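The values are calculated or read from the model by the stated rules, or taken from the named source; none is laboratory data. Just so it is clear, the model here is predicted, and its values are computed rather than measured. We place every Cβ from the backbone using ideal geometry, glycine too, and count neighbours over all the protein chains shown. Ligands, DNA and RNA are excluded from the accessible area calculation, which covers all protein heavy atoms including side chains. Shrake-Rupley method; radii C 1.70, N 1.55, O 1.52, S 1.80 Å.
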Amino acid sequence: MTTEETGYNFAYLDEDSKRMIRRAILKAVALPGYQVPFAGREMPMPYGWGTGGIQVTASVIGPDDVLKVIDQGSDDTTNAVSIRSFFAKTAGVATTSRTAEASIIQTRHRIPERPLKSGQIMVYQVPIPEPLRWLEPSEAETRTLHALKEYGLMYVKLYEDISRHGTIASSYDYPVEVFGRHIMSPSPIPRFDNPKLDRSPALHLFGAGREKRIYAIPPYTPARSLDFEDYPFAPQSWSQVCALCGAADSYLDEVVMDDGGQRMFVCSDSDYCASRLEKGGRTQ
Amino acid sequence: MYVAVKGGEKAIDAARRLMDKRRRGAPELPEISLEQIREQLGLAVDRVMAEGSLYAPELAALAVKQAQGDLVEAIFLLRASRAAFPRFGYSLPVDTAAMRVERRISGTWKDLPGGQLLGPTFDYAHRLLDYRLARTQKPEKSVESAESAESAKSAESAEPEAGKPPSTPVPTHAGAAVPTHAAAVPTHAAAVPAHAPTASAAAHAPTSTTTASATPPPADEESLPDCPKAMSVLIEEGLLELEEDDGREPGDITRQPVDFPLDRPERLQNLARSDEGFALALAYSSQRGFGSVHPFVSELRQGAALVEFIPEELGFPVVLGEMEATECETVNQFKGGGETPPVFTRGYGLTFGRNERKALCMAIVDRALRAEELGEEIKGPAQNQEFVFSHSDNVEAAGFVSHIKLPHYVDFQAELSMLRQLRKAKQNDDRGDRI
Amino acid sequence: MTLPVLSAVEVDKWYGRRAACRKISFDLHPGEILGLVGESGSGKTTLLNVLAGRLTPSGGRALYRDENGEERDMHQLSEAERRRLLRTELGLVHQHPRDGLRLRASAGANIGERLMAGGWRHYGQIRAEAAQWLERVEIPADRLDDRPTEYSGGMRQRLQIARNLVTRPRLLFMDEPTGGLDVSVQAKLLDLIRHLANHLRLAVVLVTHDLAVARLLSQRLMVMKDGESVECGLTDQVLDDPQHPYTQLLVSSMLQV
């Protein structure tokens, strides 16, 4: 099906490419956390700007879907706007900023605060899919390490963090072990969001366009953040609450107010903040 | 009340409009035409086609115009539209030995069958700015007439009023230029060096009805001498490693996921579309000793080759058009090892259009990447296929490097909190030490 | 008599028409140190790499008897099994510490890596075990968080040994472990190796070009020349009463020094 307006196929990609990507997604779902190579296509956005997520979304989206796109937790950041309008134009689907109403949520760097539901699909944009990449530059070698479940190297990194800093110093892109088998990069979400991946009712799909890898966490699959028994994983926490809605349970962005070093903390998830305000949360 | 960054949509639109304005430049000047770009900035168009992996001079010219001369951006534009073209098949291997040669040189033989043919080249030009070009020339009637008149009065043909360009576009070579309405031939340059004389470049054509400038041979074509490959001399003597078509269908790096190690056809496909600057740096590094390739240019040829395709419903080849290409074959010494006697080995380069520097670099890097196969010590990046493959594509590289312009508020916030926490812990430790 | 922990059976390794090892056979028993001596290019390091499963032989077999008493052909093992053995029951000490250590990780992480790969997940326990091994190789425990780059050459070799021994391997391959060290540092290191091998009943294949090192450490010697074993026997016997002209030459050149 071609949309009249653009001359491009529904959701831009041709059906052959979509089929190829769907096959990779099915394989990824069957092997939770395993990075499936796929023949990524050039998209009309630059690599590194979400081409992996866009290809995944283009392959799973249908005319009845409702799409939400966020970047840094917000629907209004420029890249989120750009991707949302791309699908509105090429697929003509309905879009929303409300987490509860979306059937597909494409994201960069955040998972919404509102708990996800069964039937929702999260699509992540992934820059570097390989959690071992900073420790081992060779792709041939890291694939072998995954194949043999040889993860001593990953723990060397965590050990070093503790002996140097007294804590595991990864604040985002914090690796998880999926289904007790593969170690996986959750993409650069803050570790605050990691617990949302564990046994989530939603399907989580990760697309790395430049590196040409797709991986997945199927619904209700355990995703354990790596840690030591005596140094358990802990997400970030704040002493402040959101200055707008008063939320004490959300990830906060720090906003610089003036040259005097005045700061305020507000929800990074703009939909969460807005819906709390609608329901009569605190305003200033 | 604090308002989060809003109005992204409006800002994006405004940015686009500003960029359009910059592209058009001073509105009192005439807008540059695609024909002008194609004819007068031909090497830019050729590079965009080569790295954009699509043989479509008009689309490439459009990309150059739209990108305001930023070739990496133009390559990206061409790649992105190429990805959306449906494909109806692969062309037959292009027979480069049967090329209509415009330029052909050999660095290994002083003279050889077919002769040395200098053709158009910058090689022997003194690199002095030619101030005559600063003034706009009067449109010429035709190349031939210009040439005959050249000795007569070249000065007179200069437009006296500099800065006031002709209002009509400069016509193309009269007589020769009969642009045919043929299908564009986007090729995923799957160059496979085969045993003499055919090299194959698998090409496919899209169903889109783009006007291509596939130019048929001029009617009054001088009959050129037969121009066999310079390599054939060495092959007859058995001094050159034998490379034969093993009949295997080459993979297609744009359609199938790749897995290391890559085989040679896959590596060549990657090199054919690799960034010219990257290929140049790799070739140079290899020549300087980071990897040891001491190549001789057996032959460099540039000209037009026929692209043929067998439609399923016909069952016999039809000519889709002619394609300009540059091919480079190098020979390298190899001292032998194991069962192999000392023999010359080859490097192979093939690109769309006139792209001599690129074809040469491609051949050098191709040979360097065969280090493992030939049991050579791997000591430079040009010999490391994972390094070369993963970093050679400028669409990938430019995208990833530029993505750090995107907001990273969340990750930065995470790092900020972490740093504060670590510093606080350190302060407490220090205090503890003092007690 | 115990069963051998390692048996080389007519091991061949060819590079083109050149033989790096030709029909090498021997048995190695628990607690025994076998020295492979010869000049550079004699094939001793190639042999070591074949025995350790890092190179595929052109012929012959290298049989390792694992801790369950099962004989395993090093070159028939799956990649997974081979790598598992190499980080548990086997050890490999490289001539250059940079090949055997993670120079950018602390000493503690270097020693702890094998434990973590084996499933240890308690930071405190891993650290305590690493500290204990650091002391066993005579490095003060307060150097645990330093990187190998901050260590002296002799300490780096000790660290490499600790990193290997932490999983109590049964068989250790050592390639010129004292190469490039000062004589006094060498002597202390040799003493340590001898003590540990003895104490842990380690079987060791030791490659060295230095007959003095071989005499100090190994009970048995194999003299290699051009890929062949020209003489093999008890160390004292080979060095005091060399039979082969090449061994005689080696021994006499050692005495002259």
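The single residue among B:Asp259, B:Asp246 that is within 11 Å of another protein chain (Cβ to nearest Cβ) and in a loop (DSSP other than H, G, I, E, B) turns out to be B:Asp259.
In segment C:51-81, which residue that is small (Gly, Ala, Ser) and under 21 Å from C:Thr2 (Cβ atoms) is surrounded by the most Cβ atoms within 10 Å (Cβ to Cβ)? Looking at the filtered set, the residue picked out is C:Ala62. Of all residues in segment A:257-283, exactly one satisfies the criterion of being aliphatic (A, V, I, L, M) and more than 26 Å from the chain's Cα centre (by Cα), namely A:Met257. Residues that are in contact with a strand residue (DSSP E or B) (Cβ under 8 Å, 6 or more places away or on another chain) and open to solvent by 50 Å² or more (accessible area, probe 1.4 Å) within segment B:239-254 comprise B:Leu239, B:Asp245, listed in sequence order.
From the list C:Gly154, C:Gly108, C:Gly112, the one residue that fits, being facing chain A (nearest Cβ under 9 Å), under 21 Å from the mean Cα position of the chain (by Cα) and either closer than 30 Å to A:Phe233 by Cα or assigned to a helix (DSSP H, G or I) (or both), is C:Gly112. If the condition is being open to solvent by less than 90 Å² (accessible area, probe 1.4 Å), assigned to a loop (DSSP other than H, G, I, E, B) and touching a helix residue (DSSP H, G or I) at 6+ places or on another chain (Cβ under 8 Å), then segment C:177-209 contributes C:Pro177, C:Thr178, C:Gly180, C:Leu181, C:Leu202. Applying the condition of being in contact with a Lys or Arg (Cβ under 7 Å, 6 or more places away or on another chain) and part of a helix (DSSP H, G or I) to segment B:6-41 and asking which residue is nearest to the other protein chains (Cβ to nearest Cβ) yields B:Leu34. Considering segment B:59-88, the residues that are in a loop (DSSP other than H, G, I, E, B) and at pLDDT 95 or above include one that is surrounded by the most Cβ atoms within 10 Å (Cβ to Cβ), namely B:Ala67. Just checking, how many residues over segment C:120-150 are more than 10 Å from every other protein chain (Cβ to nearest Cβ), within 19 Å of C:Arg104 (Cβ to Cβ) and in a helix (DSSP H, G or I)? Within segment C:120-150, residues that are more than 10 Å from every other protein chain (Cβ to nearest Cβ), within 19 Å of C:Arg104 (Cβ to Cβ) and in a helix (DSSP H, G or I) number 5.
Of the residues making up segment A:129-150, none is among the acidic types (Asp, Glu), touching a residue at least 12 places away in the same chain (Cβ under 8 Å) and part of a helix (DSSP H, G or I).
Applying the criterion of being open to solvent by less than 20 Å² (accessible area, probe 1.4 Å) and within 11 Å of chain C (Cβ to nearest Cβ) to the residues of segment A:162-189, the residue that is nearest to A:Gln35 (Cα to Cα) is A:Ile168. Criterion applied to B:Ala414, B:Ala425, B:Ala382, B:Ala397 was being crowded, with 18+ Cβ neighbours inside 10 Å, farther than 19 Å from B:Leu268 by Cβ and either more than 11 Å from every other protein chain (Cβ to nearest Cβ) or over 21 Å from the mean Cα position of the chain (by Cα) (or both), and the one residue passing it is B:Ala414.
Residues are listed down the side, and each one gets a yes or a no for (1) farther than 30 Å from A:Asp161 by Cβ; (2) in contact (Cβ under 8 Å) with a residue 40 or more places away in the chain:
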residue: C:Tyr151; (1), (2): no, yes
residue: C:Asn164; (1), (2): no, yes
residue: C:Thr178; (1), (2): yes, no
residue: C:His209; (1), (2): yes, yes
residue: C:Val223; (1), (2): yes, yes
residue: C:Gln248; (1), (2): yes, no
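Inspection of segment A:161-177 identifies no residue that is in contact (Cβ under 8 Å) with a residue 12 or more places away in the chain and over 15 Å from A:Phe233 (Cα atoms). Within segment B:89-117, being under 25 Å from B:Gly321 (Cα atoms), open to solvent by 40 Å² or more (accessible area, probe 1.4 Å) and part of a loop (DSSP other than H, G, I, E, B) holds for B:Tyr90, B:Leu92, B:Pro93. Residues of segment A:208-258 that are free of Cβ contacts under 8 Å to residues at least 40 places away in the same chain and crowded, with 21+ Cβ neighbours inside 10 Å: A:Cys242, A:Cys245, A:Leu252. Restricting segment B:262-283 to residues that are within 14 Å of another protein chain (Cβ to nearest Cβ) and part of a loop (DSSP other than H, G, I, E, B), the residue that is surrounded by the fewest Cβ atoms within 10 Å (Cβ to Cβ) is B:Leu262.
For B:Glu377, the test of being modelled with pLDDT of 95 or more and open to solvent by 10 Å² or more (accessible area, probe 1.4 Å) is failed. Scanning segment A:259-275 for residues that are buried (at least 21 other Cβ atoms within 10 Å of the Cβ) and charged (D, E, K, R), we see that the one that is nearest to A:Asn194 (Cα to Cα) is A:Asp269.
For the residues A:Phe228, A:Phe233, the requirement of being touching a strand residue (DSSP E or B) at 6+ places or on another chain (Cβ under 8 Å) and within 14 Å of chain C (Cβ to nearest Cβ) singles out A:Phe233. Among the conditions (1) within 30 Å of A:Ala80 (Cβ to Cβ); (2) open to solvent by 30 Å² or more (accessible area, probe 1.4 Å); (3) at pLDDT below 95, B:His391 misses just one, which is (3).
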